[in-house]
Amino acid sequence: MIRIVKIGGNEMNTPGFLEELARQISGLAATTGQPLIVVHGGGQEIAALQARLGIEPIKIDGLRVTDAESLAVAQMVLSGHTNKAIVRAFLAAGLDAVGFSGVDGGLLRCRRKQHPTVDLGLVGEVVDVRTDFLAHFARLGIIPIISPISLGQDGQTYNVNADEAAGAIAQALSATVLDFVSNVPGVLLDGDVLPSLTLPQAERLIGSGVVTGGMIPKVRTALDAVGRGVPQVRIVNLAGLGSGGGTVFRGQ
């Protein structure tokens, strides 16, 4: 009965976002009684620090191409600044929370991610989740806050897309709900939120250019999670997290 909430990096710099997130999570915990796990990104802050350091960000199909310098930046931002900012906000709201990266305790094991046309560099895809590690904190009522920086089977550290990390964790733990909290209220068509999407419908929207950029891995991860048995997967904004809003995904 675990619920996974993935929050995007673009929202982190919005004044009051983390405080409102903590309030929403507190409400979910109180009303559902479900153990919660939060997975986070931090793309906007990574790009900003790269720019200050003179590193040109490169994205392919919404995935960040990662060399050694970019990986160092991603680790600093995700596992350092962003992770601890979320933990701090949760503790301030009276929630019990602890922060990890996928490297800690070998929580997320990955292999190098392959792309059909380009070398993504030090980008990984999760192949194993240490479920006993996460279940331990769930039993204690502690909310794990997880940075997606992960440990490769080869001992190398890899940058993992946070949406994909959240999907892998949800599948491994047989989560009942996986929420992708975005800066948009759901998948939009002509400005309106689509309340639900099937796999064929989503692929048509990607092919026609309606779904683009970072929304592509988000949509495909949502559908993959549904295909692997997560009963409810949705893309939603923070305002709709506790009110049943967003786009819900189903297989057929």
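The values are calculated or read from the model by the stated rules, or taken from the named source; none is laboratory data. A quick note: this is a predicted structure, and the numbers were derived from the prediction, not measured. Here Cβ is always computed from backbone atoms with ideal geometry, including for glycine, and neighbour counts include all displayed protein chains.
Points to keep in mind about this one:
- Qualifying residue in the range 128-137 (condition: within 19 Å of the chain's Cα centre (by Cα) and without any contact (Cβ under 8 Å) to a residue 12 or more places away in the chain): no
- With respect to being touching a residue at least 12 places away in the same chain (Cβ under 8 Å) and either acidic (Asp, Glu) or within 29 Å of LEU241 (Cα to Cα) (or both), GLU69 fits the description.
- Verdict on GLY251 being at pLDDT below 85, small (Gly, Ala, Ser), more than 23 Å from VAL38 (Cβ to Cβ) and assigned to a loop (DSSP other than H, G, I, E, B): yes
- Long-range neighbours under 6 Å by Cβ, at least six apart or interchain, first residue in contact (Cβ under 8 Å) with a residue 40 or more places away in the chain within the range 7-27, second part of a loop (DSSP other than H, G, I, E, B) and charged (D, E, K, R): PHE17/GLU11
- Scope the range 1-31; condition more than 30 Å from ILE58 (Cβ to Cβ) and touching a strand residue (DSSP E or B) at 6+ places or on another chain (Cβ under 7 Å); matching residues: ILE2, ARG3, ILE25, LEU28, ALA29
- When restricted to residues that are touching a Lys or Arg at 6+ places or on another chain (Cβ under 8 Å) and modelled with pLDDT under 90, the range 35-71 contains 7.
- Conditions (1) without any contact (Cβ under 8 Å) to a residue 40 or more places away in the chain; (2) more than 19 Å from the chain's Cα centre (by Cα); (3) over 19 Å from LYS113 (Cβ atoms): number failed by GLY155: (3)
- Residues in the range 41-70 that are touching a helix residue (DSSP H, G or I) at 6+ places or on another chain (Cβ under 6 Å) and of a type outside the set (D, E, K, R): GLY41, GLY42, ILE46, LEU49, GLN50, ILE55, PRO57, GLY62.
- If the condition is being under 18 Å from the mean Cα position of the chain (by Cα), of a type outside the set (D, E, K, R) and farther than 27 Å from ASP132 by Cβ, then the range 1-20 contributes GLY8, GLY9, ASN10, MET12, ASN13, THR14, PHE17, LEU18.
- Restricted to the range 32-59, and to residues there that are among the β-branched types (Val, Ile, Thr) and in contact (Cβ under 8 Å) with a residue 60 or more places away in the chain, the residue that is surrounded by the most Cβ atoms within 10 Å (Cβ to Cβ) is VAL39.
- For the range 193-202, the tally of residues that are at pLDDT 90 or above and more than 20 Å from GLY8 (Cβ to Cβ) stands at 3.
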